[in-house]
Structures are given as C-alpha cells and as structure tokens.
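Taking it in order: structure first as structure tokens, then the write-up.
The values are calculated or read from the model by the stated rules, or taken from the named source; none is laboratory data. If you're wondering where the values come from, they're calculated on a predicted model, not measured in any experiment. Note: ideal-geometry Cβ built from the backbone for every residue, glycine included; neighbour counts use all protein chains shown. The protein model used for the area step is the full one, side chains on, heavy atoms only, and it has no ligands, DNA or RNA in it. Shrake-Rupley method; radii C 1.70, N 1.55, O 1.52, S 1.80 Å.
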4 protein chains.
Amino acid sequence: MSGNSFGLLYCVTSFGESHGPAYGGVVDGCPPGLELSNQDLQKELDRRKPGSSRHVTQRRESDAVEILSGVYEGRTTGTAIGFLIRNEDQRSKDYAALADKFRPGHADYTYWQKYAIRDARGGGRASARETVVRVAAGAIAKKWLRSRYGVEIRGCLAELGPIRIPFRSWQAVGGNPFFSPNEDLVKKLETFMDELRESGDSCGARVNVVAEGVPVGWGEPVYGRLDADIAWAMMSINAVKGVEIGAGFAAIAQKGSEHGDEMTPEGFVSNNNGGVLGGISTGQDIAVSIALKPTSSIRLPRRTINTRGEPVLVETAGRHDPCVGIRATPIAEAMLACVLMDHALRHRAQCGDVQAPTKVVKTSKIN
Amino acid sequence: MSGNSFGLLYCVTSFGESHGPAYGGVVDGCPPGLELSNQDLQKELDRRKPGSSRHVTQRRESDAVEILSGVYEGRTTGTAIGFLIRNEDQRSKDYAALADKFRPGHADYTYWQKYAIRDARGGGRASARETVVRVAAGAIAKKWLRSRYGVEIRGCLAELGPIRIPFRSWQAVGGNPFFSPNEDLVKKLETFMDELRESGDSCGARVNVVAEGVPVGWGEPVYGRLDADIAWAMMSINAVKGVEIGAGFAAIAQKGSEHGDEMTPEGFVSNNNGGVLGGISTGQDIAVSIALKPTSSIRLPRRTINTRGEPVLVETAGRHDPCVGIRATPIAEAMLACVLMDHALRHRAQCGDVQAPTKVVKTSKIN
Amino acid sequence: MSGNSFGLLYCVTSFGESHGPAYGGVVDGCPPGLELSNQDLQKELDRRKPGSSRHVTQRRESDAVEILSGVYEGRTTGTAIGFLIRNEDQRSKDYAALADKFRPGHADYTYWQKYAIRDARGGGRASARETVVRVAAGAIAKKWLRSRYGVEIRGCLAELGPIRIPFRSWQAVGGNPFFSPNEDLVKKLETFMDELRESGDSCGARVNVVAEGVPVGWGEPVYGRLDADIAWAMMSINAVKGVEIGAGFAAIAQKGSEHGDEMTPEGFVSNNNGGVLGGISTGQDIAVSIALKPTSSIRLPRRTINTRGEPVLVETAGRHDPCVGIRATPIAEAMLACVLMDHALRHRAQCGDVQAPTKVVKTSKIN
Amino acid sequence: MSGNSFGLLYCVTSFGESHGPAYGGVVDGCPPGLELSNQDLQKELDRRKPGSSRHVTQRRESDAVEILSGVYEGRTTGTAIGFLIRNEDQRSKDYAALADKFRPGHADYTYWQKYAIRDARGGGRASARETVVRVAAGAIAKKWLRSRYGVEIRGCLAELGPIRIPFRSWQAVGGNPFFSPNEDLVKKLETFMDELRESGDSCGARVNVVAEGVPVGWGEPVYGRLDADIAWAMMSINAVKGVEIGAGFAAIAQKGSEHGDEMTPEGFVSNNNGGVLGGISTGQDIAVSIALKPTSSIRLPRRTINTRGEPVLVETAGRHDPCVGIRATPIAEAMLACVLMDHALRHRAQCGDVQAPTKVVKTSKIN
C-alpha cells in the first residue's frame, strides 16, 4: 500500500493539493448499515475550518463535503465511500515569490529533492489543508465507534507556547476558538496570540486526546500494537514532533511501584499506561498527548537557499496559522478514531468468538 | 498483513514465546548480493543479550542465531531470509504462582481478555525477549544501509530514572553495561542500580538514537511519512511510552523563528526537526528519543485481581531487568534501521530516476 | 488494505456506483515527472465507452474524466493522482422492478446476503461500469511503461460465443467495434450479435492480451509472482471465469519436451510459458487469455426468488451489453498494465543495483 | 508486504530452499482456542510427501514438521504460529552440472537475471518443495474452517496428460497414488506413467478442487473478490498455467439463458458460476480447476544457453516428478483453504453484525 493510504481494514486514501481543484478521499471497509450523511462529515470539518477566528489563517473555505458513493438511502452499503471537498479560495500568486526558495522548517526542500518537481502554491501536497481528508474519514469512524461501542473521542489544547492550560471540563472546549478546556484562560490565550501575530512569529502547542469507552482487547501484538499505531497516526499529522501515551516521558522518572497500574475488583486504580498494556487496550481511557511545532511560515526574514543553491532571505506573506496547534484538536481526534476503528474491526476478525473471560473489572477514568 | 509482520518492502515477520522452544523470524525483501553470515546477526544480538552484567536479568541465553535460508555462498540471494534462535534457559516453574494473576503494568490482563488463553510462562508472547527478532532483522538492515549508503545508526542511554546522562562520545557507549555515552557517570549509574535492585523496585529510562548519513528524500507523504513510521517503530518496542523526533516536546515552547532550521549553501544551521521535514528525510541526522517505563515485574507486593476477578496481592519472583531501558539501545537502533531500509527501497522504487536537483547543500551534524 | 484498493507500490483505489453521482479513483505511487493530462486517460476511456455501437449498451455516457491532483504543469508530481468521472445517464426507474428480485448469474443475491442493504439501481457497486476506474488507472500505467521501458500492451477479441477469431493483425483491432484482430470476420460478428440481441439472450467471449517489451526480471517469487498477480487482476474483472497464461490449459496434454521453451543465443525458441518462468518475467511477450461469461441481465424470463424467498420470474429491461466481452479488451489491457507497473517498481526497489548478468539472450515474439 | 507473504488477515510467510537446512513458515492471524498439534499439519504434509510411490520423485524426506510457537497446552493462542521442516535428503552434487545452465521451462534463467546470484541446487527457492509451507498453513486453515463453519475442501486429479478422469467419488481419491477419484482408471494411469518415466519425458495435468459448506457472503468486491484471490492463489502454485472457476472457459460458448444459475426457494438450480457471484460466495460449492504444465526437468536433451550466453545441451539427472500435477492436489486444497479463511475473517470484521436477510435459500451441490 503506497504512501497515501492507511489502515488495514478501515482504510483511508487521500488526494489533493492546497491550490489544486479539490481534496478528496476514499474510506474503505466501513461496515454496512451505518446512518451517514454529508452533515455527519460537515460538522467535524467545520470544527477545523480556517477563517473561524482571527487567531487562525484567514483563508476562506466553506470546506463543503460531498459524499459520492457508498451510501444508499441514508445508510452505508459496505462499499467504498468516496468524498470530495472543492478548494475555493486559492490565492496562488501569494506564492510566486516562494517558488524557488525553501522556507526553513517547511517541506519545500525535501519535496524538491525527492521528486524534482514541486507544486509550491500554498505548500502543495505538504499543506496542512490535507487534514480535511483525515477529519472527514475520522467523522465516519467516530460515528461508528459511538453507535456500536459507545466510544467517545475528545481532544483539547493543553499548552499554547509557554502557557499551560490545566484541564477543567470537556464542556468548555467547544466554547472558544482555542479548544481550551478552561474558560478562565481564554483571555490570556487571546492576548498571547494577538501579540504573537503582531510580532510576525509563530509558536508551538500541546494537544491531548482521550478515547473513553474503548473495550478491553483491541490491538494486535507484537507489531500491530494499538499504541504503536496511535503513535504512527499522531506523528503523521503535520507539525507533530512528539507523542506520549499515558504517563509518557514522565515514566522515565517513575518507579515500577508507582507506574504499574494496580487493579481491584472495582477496576484499575490509576492509568499511567494510558489505556494500553502490551499493545492491547485495557478498557481504560486511551490517553494521548502530542507536541506540535511552531508554524514554519512566518513573516520574519529568515536565511535559506534557493533552487540554485544560492543564499537568500525568505519572508512568508501568505495566509497562515500563527499556531497550527490550535486547529489540531479535531485532526488528532480524527486520527485516533480511524486507528481505533481499524483495530475494532481487526479484533472482531480474529477474536469474534472469544468471550472476555474475566467480567468483573470495571474501568476507572483517566487520572 | 497481520500483527506480527511490519514493513512494506523490507518486511519482518516474527514468532516465538519466552518459554517456548524458539524465537524466529523472516526478513523478506533484502536486495541480493549483500555479504551476510550468522556472525553479522550474532554480534548485534550479543549487545542485547541477557546476563551480561548484574544490572540486567540473570537469565542465561546464548541467543545463538542460525540463518536457515536466503543466503548462498555468503551472500543474500534476494529470497526470504529465515532465522532461528532457540530458547535455552526457561524456568517455567517460576511462573506457576502468576498463572492466574495479572501483574500490574504488564500485558497479563489484556492478553487474557483478548484471547481467553494465555501462555503465562515468562510473559509468553508479551515478553521483551521477542526483541531478539527485531535485533536480528535490524542487523541486516544496518549492514545494507552502511554498505550501500554509508548510513550509521547508533544509540545510547540518555536518562536512567532520575539521572540525566549528558552526551560525551559514541566511543564511550560500548565500554560500559549501560550504553552510557559518558564514562564519568558509570559509577553513579552502578550505585543507583544496585540500590534499586536491592529495593525490589524498578525504574524508567530515556534512550536516544541517531542515524547519520541518511540521504535527502526518504519518506512517502502524507501517510507513509518517515517520521510517522519511526514513531510507530519506537512505540512498538515493549515498555516505550513516548517518542520524540528532533526538538520533540521542547518545540511547544519554541518560536517559529527559533525552531525552523535555517539553510545556507553550507547546509542546515540547526536540526530542530530531527532530520525530517514534511515526512521526508532532509539529509541531516535523524534524531529520535524515547521514554521507557519502569519494568512491571517487581518484587514489591502489589494489588491486583486474579482470573476469577478476586482481589489478590502479587510479587514477581522471576528473573527480570530492573530497568528494561538499559538493554533497549540496540533494540531501538534495530527498529530505526528497519524503517530506514524500508524507505530506502520505497524511495528507489518510485524515484529511482530522479536526480536530486539542488546539489550544493551539505548537511550539518545534529545539534 | 481493504477490498477497493490493489497494488503494493502502484496502488489503485476505486469508488462509485452505477447510478450514484460519480465514479472516481486514486492512483498512488506513480513516479514523478511523467507528462500526463486528462486526454491521456480520456482516450483509453473512450475505447470502453458505452453507446459506441449498436452491439453494446445504449447508455449514453461521455465518461469525461477530470484529474484532481498529483499533476502540476502537465507532469506528475509523485503525489496521489485523484480523478473523477461523473455519471450522466442514469435511468434508475428501469430498476424499480428488480429492487427485490435476484437476477440469476448476477451479484444481486450475494450483495444482499453479505451487506443486508443493496443499491439495486443498475447493479450498484457490482456494475461493470466500475471498470472506468481501472481503465483510467491503466492509462497512466501504460504511458509510464511505454515511456520508461518501451512496453506495449495490446488486446483483442479471440472468441465471440461460438465464433473463433484467428489473429490477423493489431492494426485491425481499432477499426471495428468488436476489437476483432481480423477484419474478414467483422460482418459475421455483426450478424451474430444482431441475432443474439433480437433473441433477448447474451453470450460469452474470449479476450487475449499481450505485453511486449517487458524486461526480464519482474515478479517476486514465491507469492508475489507476476503470473499469480496477473491471474488475480484478470479474475477481478466482472464476468471473468477463467485465466490462462501462455499455453494455459493446453499445457495439460503437452509433453515436457514440447512445452519447455528452449533457448539459443538468439533468444527463446517458443513461448509456451507466456513470458513468465518461476513467477518472473522472461523478457518474452507476456501472453494472457481470459474467458468472460455471458451477460447475466437478459430479456428472457428466468426463475429466481425475491428478498422474501418467494419464487418469482425476472426479465431484465434495462440497457445492457449482450456480450460484456466486447468492451473487455481495454479493461484487460488496463489491468495488465497496472500489475506490470507495480512489479516494475517493486523490482527496481529490491534489485535496482543488479546488472542482469547474461546479456546475449534476445527475446522472440509470442508464438 | 513483500513477495514471500500472502493474506490480509490469515497471513502466511514462507522461507527455505530445496537444498538449504530447512523450510519454515509463519501463520499469523489464526483465532485463539483452536486445538492444534504437529499431527494436524503432518497428516496433510504426508499427502504431498515425495517418495510415496514410484510415480513421483524418489527424494526421501520425512517432512517432519515442528510447531515452534503460537500453541499452548494444545490450543492456538492467537499469536504467530511458527513451524519448521528440516531438509534431510539433499543430493546437491546432482546439480553441479546444471549450475551454469538454464533448464528450458524452469526458473533458472529468470532468477539468474533478476538477482545475479542463484542457488542452483535442486531449484533453490524455485523448487516445488516450497509447497510444504503452503500445505502446513493450509492444514491449519482447513481445520479452523471445518470446526467453525463445517467447510470441507477436497481435490482430485481430473486429467493426466491425455487421459481424462471422470469424477466417481471422493472416497476413491485417498486410495491411490494419483488422487484419482476413479479407481477404474488407476491401472491405466500407472501404465501411462511407467511409459512416460521410461521415455525420460514428462506430462501436464488438471486438478479440480471443491469447497463445500462455504457460507454466502465471503469476498470483498471490487478488488478483494473471492474468485480473484482464488485465481491468484492457484496461479501462485508452481507449474500452474490456467485457472477456471465454475464453468470456466466453457462459459465462452454458453448463452446467458444457459449460464446464469436460476434460483428457487430450494436453492440454486445449477452452479455455472462455481460458487461465486460478484466476487462474493453464494453458499454453493466453490469449484476450481487448474492446469499444470509438464515438469521442466526431464532426462531428454534440450537446447539452451549457459551463463555466458553460449549454446549448450542440457539433460536433467536429478530426482524429479515426471508429472508435478500428481502431488498438486493437497497443495491446491491448501491454497484454497488459506484464501477462504482469510475471507472468513475479513467478512466477520466488516459484516460481523449483519444478519443474512433471506434465509430460505438452500444451496445445491456442484453440478
């Protein structure tokens, strides 16, 4: 399977460039009988849509999605689900000045060296706009996981540059443009972003994602591990440079007597493992945290070279997110949903006859 | 492809349990003509071998490997390379007391719930002893990458529990049982480990791995990204809970003007991106860092349940590493090697005719 | 990889239904730098287009294809190539009478039993109209194989019902609506088809496909064999019930002294093996022959059951090909092209450094 | 997935050469809880074992198989099943004379040109001895399919060179060395083989395989079609040059009114489609027929070239089957079993919740 598809059984294929005519995708392997409409995809796409506040790119895209196949009389048929999202607001001339320069931190140089041909307009295939396909595919996975298993997948912003955002409630997340789970900090985030934007610079972020209600047993050791596939999924998102599951890097300084999650008949006592043991879900919350680097396209002048290898300065004029992490929350949720759905199907394939033998353990929430 | 294989073109398949007769694997897709002998695999296996110091498990295994196919007159033939490593020092009775209990932090519970049958002896399939297969497969990849592209892959211990180990030199790594790149700290590490072992507890660790000499262009965006596949590979190693590439989680607090690696005709000025941009190698060092959780099997009594769901205490008597991170260095190197080799072949498949157009950029070392 | 994608490196993904809004596909893994336009795909699509003679379905479709990504300034970029073909001439009401009946020989019953939901309009996903995606994907493969290796892939009708069509010339194939390589027989074929159509019945056909210029060495034994993948590709075409390579079923009655193709410094003396030995191309012509069953949708009344399991009669009124084999030639060519391209890339990946050691053998034509 | 593995969920990986130390394989994806022992594999291996009559190769191999993992206390655990079969009776010196010559009809030339290195002893990787791995993997699939779904897979010889063998009974098959379903013909077959062997020549064969009891619904259109995967599986067997499903090539001359299998509440009236419609099993018998070419290694002198491209004569002295088709029956059964099991698991993954809606149809036997 080539580089623009992922998933063994819930298989997502993606195409499209930032300034081409359209993005689109194919979701293959969805079980038949799921109620599905354009609106199911649209409502998730609207969460990552550009132009929704002054803190994100001002590109104006309706991101209107059209399902082209795989749904009949409002329900999935089990055949491939094709969908299309037309690009509407390309300003390709913004990129003329960048066509022969490599922006530091961007994929310009590597695409050019790998393929010797490059659609420089808006980052071409490397644009984070490709994540519309992931969000659309994730919307289907989310819906199926919820209706079939009661799985709930939610994310939020946990750090914005130097500002840590202590978790307050999931309810808060939808009420502000930052996906902040803490309303008290929204003002501070706004001020920080306004100053950042004015300075012409950008910043990084941390996003946390949690899946509740995942049954015990998903994941295929030793290489098809659930946590490994989640790490892949997160690191495949543009700008992500780090992934943690459960205690993550904090596990380094933990003792075994502190880290290993004890069990009682009432369930696990803690969740340092983030809901995965031995590559298999435990029934606890799947807890993932990711680091996103600061946007590479900034207004400040930076040293680089051009396609002839000569030293030049580059300043990026186009419309960009000063912090790509802000819109990353629905994307990370979508990727987690796709991985979980793939493993739900894989588990059913191999272990469809297995009756989980030890029934008494109830699972606690993330700690 | 089911859960015990990985790699699209350099494909590794693994089997074996801790107390079964043998581990073995199949490496498929290796180019023909590579000089290869048992000894090439053995020398890497000896680096992760148990019993080599008092700081690791005292299980005595020669880990002698036998290549069974795919090599003729000392060179690979292009056909599948099968290999076998017999288990020698099983003490299965150590595990009788654990057969119906779930060790906290271990895969006991999840295997039991997923499969409803479990080889409890030594962790069965979940034992970290499975990594012999990874190390053997990685040894072949390392050799090919070195001989074909001059790629050098090396790792070292960066943190042991609370002790940070500043990098001093690669030469130091082979001279101590910790893979410490800093000889001055070895004494301190020994003392720490002796006390830890005596306490019956365990600790976590950080391991860094670096690949030098990787050409620009490896990786297949947007889902076959090199960094995403590396994240998968690292998180698939037993006990790993976090993965960073380049600046990793430090990127959260960085500004774009600080993070984005500037370029000059002499090369990149920094390496915050860890050698990958847009999912494609930049020609800089690939720099990866991983967090390993503390060993789950400890002597201290812990609360858990048994297969009937009743509360019990568990103490693990078997022979275990007090810190699995110590022996993780050659394993992480091996996984990185396998991923790089897979992408070297994939790149050659699609872009074998491409002449990298901008020749002048030389690459700097990791910063 | 789920059921609507194929190919390891040249990966084709398909979606669409006969009476949905559109068909579309994604071709992933095409090398960068290939000149490509809508017209390259269109000219192959026009060869399989319905309504082009009275002997095929009278559905009127322009089959106009739009490339949506992966091509920049007239050349492939190495990213995924998405394309779309809108349906134009659906007459869904033709199918109202069939919605709860299972046409004998058709996929109605199996889709219904597998998915419990079925888009009955025009066969839904099971319609042979899906082959537009194959033809479009094959057009790209054909172009690359021709420009990179000089490979030429051509097919023709070899039998139409009871009429055998001796091969005369490739030139003849394009000059008649049957893809007959023999102009003298066209009149006879027309008369036969006119009578068949009038009778309300349908007939089967044989199509031969040949690839010339394939270099020695493509194919990956023992499971990634070139001939096995060709057999898969051919049998995956709607209505195909048999596949032969080289001598095919005639090999049963051959002696080894007759079948085994002798070699001289001037090349092979015969081509009983059809250009593949041990799963690897020999450098001779790849020669494939397929059997297509008669169209299942016929006007004659037939016994069947309905969705309630009751006995009913069914007569199919819609617009159908009386012999699907007539339009199968460009489809079979396309599938062969996709398989060959996949193996060209796979071979380059593993054996890109190999210099074929025995240069003197020239290859003869198919016998 | 590289060339020595097959299957999406029931994944088989193979290694080994004819004169290397051993063959082996890994079966991944088998559900847990299946009773399994060496003996289950051995009894199928014994059916294809060399040296069992004077009509097959006189190489003496016990083909003793050892399961190395994935089975605990007599039941599969859901982890990878590794197994090993040591070679015992290599006579490598028989092949010294062939080391630099290419036997007509054999893979000698193509392996040499592809890899530039070749283990010429006994055909190396191209030897049909590799099919031990297929038979072992198929034995597990057969057992699971039988115990879980009541599926019965059986094959028999249908033609031996010019002799057609009308089907009489399955009982007859095990009672003679030819897998002939007709005892009356055994004497004639023996005489034919004795004369053939004496002449130093070889002949082709036809083998039929049937799977009874396959439920309706297995197969994933449009590319993961059950019939397409069966065609792949059959053509991947050494020496196979043709595959038919159901009516096969006879469908060319059939009318639609004759071919399309009518249905009544009592079931299908005929089985021209061979148990597959639209790529999905119908619930009828899966009926497959394959053509095997005559053995390439014969005693008669034949023209060929050597590795320097010079014309030479070659006579093959080693121990060979004069008709590889004789031992092909258990191999074809095994491949069909593996494909069916893969699709059983895939169907359960996607459609595990579907209740087949039309219950009344009972399926008739193959006609």
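With a 10 Å cut-off around each Cβ of D:59-72, the average count of Cβ atoms from other chains is 4.
For chain C, the fraction of 1.4 Å probe accessible surface lying on carbon and sulfur atoms is 49 percent. On association of chains B and D, roughly 3300 Å² of accessible area becomes buried (total for both chains; probe 1.4 Å). At a threshold of 50 Å², the residues of segment D:327-358 that become less accessible to a 1.4 Å probe in the full protein assembly than in their chain on its own are D:348, D:349, D:350, D:353, D:354, D:357, D:358.
Segment D:215-340 gives an Rg/Rh value of 1.14, both radii derived from C-alpha positions and Rh following Kirkwood. Among the protein heavy atoms, those of residue D:300 account for about 60 Å² of accessible surface (1.4 Å probe, every chain in place).
Close amide H contacts of residue C:34 (hydrogens built in the peptide plane, cut-off under 5 Å, sequence separation of 5 or more or a different chain): C:76.
Comment: the Cα-to-Cβ extended label point of residue C:194, at 7 Å, lies 6.1, 8.4, 10.4 nm from its counterparts in the other copies, nearest first.
When you look at the Cβ of every residue in B:192-202, what mean number of other chain Cβ atoms sits within 10 Å? Mean inter-chain Cβ contacts per residue within 10 Å come to 2. Relative contact order, whole percent, for chain C stands at 21, derived from Cα pairs under 8 Å and 6 or more residues apart.
Suppose all protein chains stay in the model; what accessible area per residue would a 1.4 Å probe give for segment B:143-216, in Å²? Kindly include the intermediate steps, with their values, before the conclusion.
On the way: 3180 Å² over 74 residues.
On a per-residue basis, 43 Å².
For the options C:335, C:193, C:263, a Gaussian network treatment of chain C with springs between C-alpha atoms closer than 10 Å singles out C:263 as fluctuating the most. Angle, helix C:131-149 long axis vs. longest principal axis of chain C, Cα atoms, 0 to 90°, nearest 10? The two axes meet at around 10 degrees.
Helical content alone sets the calculated 222 nm signal of chain C at -8000 deg cm²/dmol, taking -39,500 (n - 2.57) per DSSP H segment of four or more residues and averaging over every residue. For the residues A:176, A:238, A:271, a GNM of chain A with alpha-carbon springs under 10 Å puts the largest fluctuation on A:176.
How crowded by other chains is B:291-303, given as the mean number of beta carbons from other chains within 10 Å of each beta carbon?
Details: counts 11, 2, 13, 12, 3, 7, 2, 5, 2, 4, 1, 7, 4.
Across B:291-303, the average partner-chain Cβ count within 10 Å equals 6.
If you wrap segment D:34-90's Cα atoms in a convex hull and average its projection over all directions, what's the area in nm²?
Average of the hull's projected areas for segment D:34-90 equals 4.2 nm².
One compactness figure for segment B:220-264 is 1.42, namely its Cα radius of gyration divided by 2.2 N^0.38 Å.
Take the Cβ-Cβ distance between residue A:152 and residue B:43 as r, set R0 to 51 Å, and report the resulting FRET efficiency rounded to the nearest 0.05. It would help to have the intermediate numbers written out before the result.
Details: r = 50 Å, r/R0 = 0.97.
Efficiency computed from Cβ-Cβ geometry: 0.55.
Expressed in units of 2.2 N^0.38 Å, where N is the residue count, the Cα radius of gyration of segment D:228-292 is 1.19. Rolling a 1.4 angstrom probe over the protein heavy atoms with all chains in place gives segment D:59-129 an accessible area of 31 Å² per residue. Remark: for residue pairs B:143/D:143; D:143/D:187; B:43/B:187; C:255/D:143; A:187/A:241; A:241/B:142, the C-alpha separation exceeds 30 Å in B:143/D:143; D:143/D:187; C:255/D:143. For segment C:125-245, the ratio of Cα radius of gyration to the globular rule of thumb 2.2 N^0.38 Å stands at 1.21. Applying both filters, DSSP loop and at most 12 other Cβ atoms within 10 Å, to the GluC sites (Glu not before Pro) of segment A:13-119 gives A:73, A:88.
Measure nothing but the geometry: give the 0 to 90° angle between the long axis through the Cα atoms of D:38-48 and the longest principal axis through the Cα atoms of chain D, rounded to 10°. Rounded to the nearest ten degrees, it is 60. Largest first, the residues B:320, C:259 sort by 1.4 Å accessible area into B:320, C:259. Label separation (residue C:187 vs residue D:269): 3.9 nm, computed from points 7 Å beyond Cα along the C-beta direction.
Taking every pair of Cα atoms in chain D, average 1/r, invert it to obtain the Kirkwood radius, and report Rg/Rh to two decimals. Mind dumping the intermediate values first?
On the way: Rg = 21.1 Å, Rh = 21.6 Å.
Ratio of gyration radius to Kirkwood radius for chain D: 0.98.
When only alpha carbons are used to place a centre, segment C:170-202 and segment B:294-334 end up 75 Å from one another. In this assembly of identical copies, the label point of residue C:46 (Cα plus 7 Å along Cα-to-Cβ) is separated from its counterparts by 4.5, 6.6, 7.0 nm, sorted shortest first.
Note on residue A:171/residue A:52: beta-carbon distance plugged into 1/(1 + (r/R0)^6) with R0 of 22 Å gives a FRET efficiency of 0.70.
Values of log10 I(q)/I(0) for segment D:280-336 across q = 0.19, 0.24 Å⁻¹ run -0.82, -1.01, by the Debye formula with one identical scatterer at each alpha carbon and no solvent. Compute the separation of the alpha-carbon centres of segment D:10-72 and segment D:90-163 and state it in Å as a whole number. Measuring centre to centre over Cα atoms gives 13 Å. Working value for the protein assembly as shown: equivalent-ellipsoid semi-axes of 49, 38, 32 Å, each the square root of 5 times a Cα gyration tensor eigenvalue, largest first.
The alpha carbons of segment D:129-193 occupy a box of 40, 27, 17 Å along the principal axes, longest dimension given first.
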